[in-house]
Amino acid sequence: MSTIAVTGATGYIGGRLVPLLLERGHRVRVFTRSAERLRDVPWREQVEVITGTLEDGSAVARLCAGADVVYYLVHSMSSTKNFMAAEERCAQSMLKAATEASVGQLVYFSGLHPEGELSDHLASRAKVGRILGSGPVPLLTLQAGLVIGSGSASFEMIRHLSDVLPVMPAPRWVLNQVQPIAVRDALHYLARCAELPAGSAGTYDIGGPLAYSYAELMRSYAVQAGLRKPWVIPLPLLTPRLASHWVNLVTPLPHTLAGALVDSLQHDCLVRNREIDELIDRPDGGLTDYPRAVALALEKIRTDSVDTNWATAHPVSAPADPLPSDPEWAGHRVYVDERSQDSTASAAGLFTVLGRIGGESGYFSFPLLWKARGLLDKLAGGVGLRRGRRQREKLALGDVVDWWRVEALEPGQLLRLRAEMRVPGRAWLEFRLSDQEAGKVRLTQRAIFFPRGLAGRLYWWSVYPFHGLIFSSMLRSIITHAENESSPA
């Protein structure tokens, strides 16, 4: 049994790697900005949690103390000008802490990239690897291209492009060769890195058995999904910048993440050798080919069993302060639309209906208006409504619901969603349940908005006339659904 420290435990890969390490009998310590984000994951009570940021040397030192292996699974998908400098500082902080703690092994998950000029994001990931490997701690680097699995950003990009557009004008990079890897295979290699002989080091490429053009990936996806194969038309005039805007508009990916993915596709990304086979045996049954990886991902989505997804792992903005318990006393100018209605349904029944909000279920009122608002947000560079949900029937703290994020969740009592849409201010949608006389339950619904400047005030009053229509209908519809489901057949 080893003591293993994992950064990026709330991310897409880290959130799946941690339970795999636990299953293999290791002691696991995880690193996160906020322990609350891990409250609802099924393995929370089996791990030690260290809170802090990678630039906080004392927090990273606590993470590394006594660790046999440290996984470095973080990288920025930001488009800010200083993200490369921030990633360098984080890598240097980790190197210092791991060296001082005499960590036995560092494991870094990086990206496949060609030799020569790279995009800023790929260049930064390569630089992080050089920094981590510049000290005395042995560094094992695994380099992967597109990771294909339910909820991965790469898979969602392919899925939505193929689902939405039967005829697809596309940049010339759709003809570039890529070598995707199934998420199960990537996790296989990562998990076994913790069980190699002491001092194992080196950089290894990992990927699926075959290479494809991006256009072939979309056509193969369509076959697995039972769709007509899209007609992909490469257009040289579509620059990476224009392509990222196009991907942002058509898929659920925000502009920052779409830009990072598009930049990484400007060159062929292929496995150059299979030296990893000399270090780690392939998964039982061999590597998963791309069509099988797509089929497995679609089955996970169909059965509502997606473990982690890109949206939960990638906030579209810096973490926001939660809603104060009393906004007025907190010194904020606040607008509130509050509505209440009593119901004969139980609190559990009402909360079950609330737990389906967003995604495929929508918002229980005027779906076309919600879709129109989502399109406007997309056109403004926001996330829109297409991020959906990780699971259709269940919510967890920190989950994404379209353009919302679950900020507070107390089953049977409270659901609060924080907006991540493009608005001149900060917004929440909250539902509270309270017992009333005669066995009834009161559902209180609040839309809360902290305006930013004059634009925020004008925004609130411009949409306020629609609140009476949308929010009153939403409240009635939630209660009607719950009462109908609780009535005997």
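Just so you know, all these numbers are worked out from the coordinates, no wet-lab data involved. Everything numeric in this text was worked out from a predicted model, so none of it was measured. With ideal geometry, Cβ positions are generated from the backbone for all residues, glycine too; neighbour counts draw on all protein chains shown.
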Above 21 angstrom, tally the Cα pairs of segment 29-143 and express them as a % of all pairs, no decimals. 39 percent
Percent of beta bridges antiparallel (DSSP, the chain, rounded to nearest 5): 55 percent
Check Gly149: other-chain or 5+ apart residues with amide H under 5 Å from its amide H, H built from backbone geometry? Phe155, Val183
Between Met168 and residues 5 or more places away or on another chain, the pairs with built amide H atoms under 5 Å apart involve Trp231, Val232, Ile233
Trypsin sites (Lys or Arg not before Pro) in segment 19-100 lying in a DSSP loop, each with at most 11 other Cβ atoms within 10 Å of its Cβ, come to Lys81
In whole Hz, with x marking every Gly and Pro, tabulate ³J(HN,Hα) for segment 30-44 from phi via Karplus 6.51 cos²θ - 1.76 cosθ + 1.60, θ = phi - 60°. 10, 10, 8, 5, 9, 4, 4, 5, 9, 4, 9, 6, x, 9, 4
What is the percent of Cα-Cα separations in segment 367-432 that go past 13 Å? 64 percent
Taking amide H atoms as placed 1.01 Å from N in the peptide plane, list the residues 5 or more away in sequence, or in a different chain, whose amide H sits under 5 Å from that of Val28. Ile4, Glu48
Test of understanding: ordering Leu165, Leu122 by Cβ neighbours within 10 Å, fewest first, what list do you get? Leu165, Leu122
Whole-number Å³ per residue for the convex hull built on Cα positions in segment 105-189: 115 Å³
If you build the Cα gyration tensor of the chain and take the root of 5 times each eigenvalue, what three semi-axes come out, in whole angstrom, biggest first? 39, 27, 22
Residue by residue through segment 4-14, what is 3J(HN,Hα) from phi via Karplus (6.51 cos²θ - 1.76 cosθ + 1.60, θ = phi - 60°)? Round to whole Hz and write x for glycine and proline. 10, 9, 10, 8, x, 5, 8, x, 5, 6, x
Both in Å, the radius of gyration and Dmax of the C-alpha trace of segment 335-486 are 15.2, 49
Can you work out the Karplus-derived ³J(HN,Hα) for every residue in segment 262-273? Use 6.51 cos²θ - 1.76 cosθ + 1.60 with θ = phi - 60°, whole Hz, and x for glycine or proline. 4, 4, 6, 9, 6, 9, 4, 10, 10, 5, 7, 7
Centroid-to-centroid separation of segment 1-62 and segment 143-188 [C-alpha atoms, Å]: 27 Å
How big is the charge dipole of the chain about its Cα centre, in debye rounded to the nearest 20, if each Lys and Arg gets +1 on its Cβ and each Asp and Glu gets -1 on its Cβ? 1060 debye
Return Met94, Met168 ranked ascending by Cβ neighbour count within 10 Å, so the fewest neighbours appear first. Met168, Met94
